[in-house]
1. Go ahead and set up a Gaussian network model of the chain, Cα springs under 10 Å, then flag whichever of Lys108, Lys250, Lys144 fluctuates most.
2. Considering the chain as a Gaussian network with a 10 Å cut-off on Cα pairs, which listed residue, Asp25, Asp137, Asp228, attains the greatest mean-square fluctuation?
3. For the stretch 269-310, report the accessible area per residue in Å² (1.4 Å probe, heavy atoms, rounded to an integer).
4. Leaving ligands, DNA and RNA out of it, rank Met67, Met270 by accessible area with a 1.4 Å probe, largest first.
5. Within the accessible area of the stretch 171-263, what % is carbon and sulfur when the probe is 1.4 Å and the other protein chains stay in place?
6. Using a Gaussian network model on the chain with a 10 Å cutoff between Cα atoms, which of His153, His121, His212 fluctuates the most?
7. Identify the residues of the stretch 171-189 with backbone N under 17 Å of a label point that sits 7 angstrom from the Cα of Gln306 along the Cα-to-Cβ direction, or state none.
8. Where nothing but the Cβ of Lys and Arg (+1) and of Asp and Glu (-1) is charged, how large is the charge dipole of the chain around its Cα centre, in debye to the nearest 20?
Amino acid sequence: MKTFKLPGTDMVVPNIVLGLMRIQDKSDAEVRELLATAMDAGITFLDHADVYGSELHGCERRFAEAMRLSPSQREKLIIQSKAGIVREGPYFDFSYEHIVESVDGSLKALGTDYLDILLLHRPDALVEPEEVARAFDDLAAAGKVRAFGVSNHTPRQIDLLRRHVRQPLVANQLQLSITHAPLVAQGVAANMQGLDQSVSRDDGLLDYCRLHDITVQAWSPFQAGFFDGPFLGSERHPELNAVIDRLAAKYAVPSLAIATAWITRHPARMQVVIGTTTPQRVADAALGSDVPLTRAEWYELFRAAQYIVP
């Protein structure tokens, strides 16, 4: 499992993250097996959010109940959570009160004294960056959060926060897969008149993150689009699956590993957030961390996903 030092922190992190958004109804044994499999593969980075589960903090609480981590076990993990979505609205809330209340709720549910990383979960159109800065300052001073970041934010939204927030914003969690890759695809086909791929939808977000030492965390890495099903084995993507199967055979790894490797091969040092609750799929995806795709193979997968390479 490849690791790197997360810019702006003293944390050494793996390039695969285990997302725990679907564990609400899992038994203690199932949660423990999932985490044991992840850790055996070198995955020590766990992703939570206050809204994951059938109730507020539901998955965080289920994790804590099942794992009952000792202080030494807790120290071996990097636990990240997210705040800002008010699911019952639905709307977003980056007010001082909501951020602090959410973190306190996450800490209680998780049974821990601190979060390693807190992300702002989707942009709040009514954000007052001074309020965010005050919340971050107080949470950091109290030792409740070690590092901060965002999720699904644009460069200008990040700039607005950075004008007031003193702490480095160390991560931006964004949707990215071989078939959902506008972050990458626009730059490849820049300035090509009449081509939809060349339209900039994010103001160069990937390059912005690289320039500012913000680690991209890729969510839904196996989804074809926005929660519309996986591309692996899908009849909608025969050419892509043919290439994936051939490369999987070449490298003697499962197809999930090739889908993972397409992201981890990128020099931006991105992390891949896998949300499966099946231990074998965790192990399979983790193998992609070390698959050394060549440039030609990376671009072949990109083209097979129906992106244009001029």
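The values are calculated or read from the model by the stated rules, or taken from the named source; none is laboratory data. Nothing here was measured: the structure is a model prediction, and the numbers come from that model. When we count neighbours, we look across all protein chains shown, and the Cβ atoms used for this are built from the backbone with ideal geometry, even at glycine. Areas reflect the complete protein model, heavy atoms only, side chains present, ligands, DNA and RNA absent. Shrake-Rupley method; radii C 1.70, N 1.55, O 1.52, S 1.80 Å.
1. Comparing Lys108, Lys250, Lys144 in a Gaussian network model of the chain, the most mobile one is Lys250.
2. Top of the fluctuation ranking is Asp228.
3. Working: 1890 Å² over 42 residues.
On a per-residue basis, 45 Å².
4. Ranked from most to least accessible, the order is Met67, Met270.
5. Looking at the stretch 171-263 in its full context, I get 53 percent from C and S.
6. His212
7. Correct set: 177-183, 185-186.
8. For the chain, the charge dipole is close to 780 debye.
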